[in-house]
Amino acid sequence: MTTSEARRYQNLRAHLGYLKLNDAAEHLNSVLDAARRDGLSLTAALERLLEIEVEATEARRLASRLRFACLPGPWTIADFDFAAQPGVDENLVRDLATLRFLDDAANVLFVGPPGVGKTMLATALARGAADAGARVYFTTAADLAAKCHKAALEGRWNTCMRFFAGPKLLVIDELGYLPLPGDGASALFQVINQRYLKSSTILTTNVGIADWAGAFGDATVAAAMLDRLLHRATVVGIDGPSYRLRAHQNTADTLRAAAGHRAGLGGTHAS
Ligand code: ADP
Ligand code: MG
């Protein structure tokens, strides 16, 4: 490298640093080496350098979206074993995984008993949305109610409502497992209402839609909430075996088999 070339290199590195293109700055040397070695055109070398910066920026933004999202697990749709859950409509779930529902600000309801994969599927859809660049937030119904309640006590109600209006996709998990405390049902209604027709909400519940009035204690609020939620929604009923219990069943079978085997070795018959 001649002196003026070296100065030019230092200037270029400093410019990249000044513009906060730190990954490009870091890789400048290796890209220039590669360009020289492989005889890359100027355009090709610049393309390679900026590609490095763009990829690093995308990875940083995704990591930050995922931190914000508070997803309860790493699941994607690919992790869901459809064969193990005959109670779910695979085509319907695969269609939801295209995330078209986000463009329509449509909602998704997963309804079914415990252990059938409601939380996993909701999380997988949310993960897909975050991967695609959407702002996502995951909460349980009980946590949402508690946050709103605390905000009301501290005079931050409006800020709290804005927070829940913000995400492109909001997941509200486990509605109906526990009765919502005090003003919980009305907080939930306000969150649903302000998102209505603007952005999508995924809700999971073990309470069949016909029984919502009972679960909320207030039939009017339940009806108003269902009205907003279902106006533009896909309802995924999962009425299959519990995956959790299936795992327990396998453990139980293994233990039983082992016990039988040991008993067999001892010369007695396992019952
Ligand atoms: P729910 O929310 O309906 O109670 P979860 O989504 O929490 O059920 O599922 C219970 C557990 O079983 C989780 O660990 C989940 O990852 C797993 N699971 C459920 N269904 C499936 C499935 N079809 N394939 C793979 N794992 C599953
Ligand atoms: Mg769950």
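Take the conditions open to solvent by 60 Å² or more (accessible area, probe 1.4 Å) and not aromatic (Phe, Trp, Tyr) and apply them to Gly217. Does it pass?
Working: open to solvent by 60 Å² or more (accessible area, probe 1.4 Å): yes; not aromatic (Phe, Trp, Tyr): yes.
In short, yes.
Filter segment 70-86 for residues that are open to solvent by less than 50 Å² (accessible area, probe 1.4 Å) and free of Cβ contacts under 8 Å to residues at least 40 places away in the same chain and give the result.
Residue satisfying the conditions is Phe82 alone.
Out of Ala69, Ala6, Ala35, I need the residue that is more than 29 Å from the chain's Cα centre (by Cα) and modelled with pLDDT of 95 or more. Which one?
Working: Ala69 fails: more than 29 Å from the chain's Cα centre (by Cα); Ala6 fails: modelled with pLDDT of 95 or more.
So the residue among Ala69, Ala6, Ala35 that is more than 29 Å from the chain's Cα centre (by Cα) and modelled with pLDDT of 95 or more is Ala35.
Consider Gly87 carefully, then state whether it is touching a Phe, Trp or Tyr at 6+ places or on another chain (Cβ under 9 Å), closer than 23 Å to Gly208 by Cα, in the same structural domain as Asn206 (by TED's automatic domain parsing) and within 10 Å of ligand 1 (Cβ to nearest atom). Walk me through it before giving the result.
Working: touching a Phe, Trp or Tyr at 6+ places or on another chain (Cβ under 9 Å): no; closer than 23 Å to Gly208 by Cα: yes; in the same structural domain as Asn206 (by TED's automatic domain parsing): yes; within 10 Å of ligand 1 (Cβ to nearest atom): yes.
Against the criterion (touching a Phe, Trp or Tyr at 6+ places or on another chain (Cβ under 9 Å), closer than 23 Å to Gly208 by Cα, in the same structural domain as Asn206 (by TED's automatic domain parsing) and within 10 Å of ligand 1 (Cβ to nearest atom)), Gly87 does not qualify.
Quick check on segment 53-62. Is at least one of its residues surrounded by 13 or more Cβ atoms within 10 Å (Cβ to Cβ), in contact (Cβ under 8 Å) with a residue 60 or more places away in the chain and among the aliphatic types (A, V, I, L, M)?
yes
Among the residues of segment 18-32, is there at least one that is outside any helix (DSSP H, G or I), modelled with pLDDT of 95 or more, in contact with a His (Cβ under 9 Å, 6 or more places away or on another chain) and away from ligand 1 (no atom under 16 Å from the Cβ)? Break it down into steps so the answer makes sense when it comes.
Step one: filter segment 18-32 for residues outside any helix (DSSP H, G or I), giving 19-21.
In the following step, the residues that additionally are modelled with pLDDT of 95 or more were identified as 19-21.
Cutting the leftovers down to in contact with a His (Cβ under 9 Å, 6 or more places away or on another chain) gives us 21.
Pick out the ones that are also away from ligand 1 (no atom under 16 Å from the Cβ) and you get 21.
Checked against the condition, which is being outside any helix (DSSP H, G or I), modelled with pLDDT of 95 or more, in contact with a His (Cβ under 9 Å, 6 or more places away or on another chain) and away from ligand 1 (no atom under 16 Å from the Cβ), segment 18-32 yields at least one hit.
Output the number of the condition that Gly73 fails; it satisfies all remaining conditions of (1) more than 16 Å from ligand 2 (Cβ to nearest atom); (2) under 17 Å from Thr123 (Cα atoms).
The single condition Gly73 does not satisfy is (1).
Looking at segment 96-114, which of its residues are among the basic types (Lys, Arg) and farther than 15 Å from Lys168 by Cβ?
Scanning segment 96-114 gives no hits.
Taking Arg94 as the residue in question, decide whether it is touching a residue at least 60 places away in the same chain (Cβ under 8 Å), away from ligand 2 (no atom under 16 Å from the Cβ) and either of a type in the set (S, T, N, Q) or more than 24 Å from Leu245 (Cβ to Cβ) (or both).
No; evaluated as a whole, the condition is false for this residue.
What are the residues in segment 62-80 that are of a type in the set (Phe, Trp, Tyr) and part of a helix (DSSP H, G or I), if any?
Passing the criteria: only Phe68.
The values are calculated or read from the model by the stated rules, or taken from the named source; none is laboratory data. Computed from a predicted structure; not experimentally measured. No Cβ is skipped: glycine too gets one built from the backbone with ideal geometry, and neighbour counts run over all protein chains shown. Please note that ligands, DNA and RNA were not included when accessible areas were found on the heavy atoms of the full protein model with its side chains. Shrake-Rupley method; radii C 1.70, N 1.55, O 1.52, S 1.80 Å.
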